[in-house]
Amino acid sequence: DCGVKSVHVRTLDPRVKKFINQHIFQNMNRKSCDAVIKQRKIIETNSKKCKKENTFISASYGIVQKICGDEGEPYPGNQNLRISLKKFRVVNCKCNKNKSLPHCKCRGSDANLRIVISCDNKGNPVHYEKGVKILN
């Protein structure tokens, strides 16, 4: 279960589907990076090369989607981005960008961060920008 059961995936915009595939994994474990990257075929756009880095948000799509609404606020300095009000557990996978699937050799680390995303005009997350440590 990848945490997307509440969403009718076939009706979604391709950018939303890509966001879910690349960034939503409810119970992601840092030791699973290599396997999940392979299984989901996460590679650089317009390339067969492994992505240098990919971040998974350990939450359901429905929870992350709320950042586009009242669970998020505009990100200072970039009005196209929103930052979550609360912290999320994220797993950051670093891979060998000079290789191609299935030889990415990804290693993971996890952290609790406020996440910065961009949303489409229908209130759906379409891009993961970064995670931010904020002292408050």
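Here GLN65 does not fit the description of being over 14 Å from the mean Cα position of the chain (by Cα) and of a type in the set (S, T, N, Q).
If you go through region 8-28 and keep only what is of a type outside the set (Phe, Trp, Tyr) and within 14 Å of the chain's Cα centre (by Cα), you end up with ARG15, VAL16, LYS17, LYS18, ILE20, ASN21, GLN22, HIS23, ILE24, GLN26, ASN27, MET28.
Restricted to region 25-45, and to residues there that are in a loop (DSSP other than H, G, I, E, B) and closer than 17 Å to ASN96 by Cα, the residue that is modelled with the lowest pLDDT is THR45. A count restricted to region 51-85 and to residues that are outside any loop (DSSP other than H, G, I, E, B), touching a strand residue (DSSP E or B) at 6+ places or on another chain (Cβ under 9 Å) and within 22 Å of ASP120 (Cβ to Cβ) stands at 22.
Counting the residues of region 111-125 that are surrounded by fewer than 18 Cβ atoms within 10 Å (Cβ to Cβ) and either assigned to a loop (DSSP other than H, G, I, E, B) or not polar (S, T, N, Q) (or both) gives 5. Could you list, in sequence order, the residues of region 19-64 that are without any contact (Cβ under 8 Å) to a residue 60 or more places away in the chain, of a type in the set (Lys, Arg) and either farther than 15 Å from LYS94 by Cβ or buried (at least 16 other Cβ atoms within 10 Å of the Cβ) (or both)? Across region 19-64, the qualifying residues are ARG40, LYS48, LYS49, LYS51.
The values are calculated or read from the model by the stated rules, or taken from the named source; none is laboratory data. All figures in this text were calculated on a predicted structure; none of them were measured in a lab. Please note: Cβ atoms are built from the backbone with ideal geometry, for glycine as well, and neighbour counts cover all protein chains shown.
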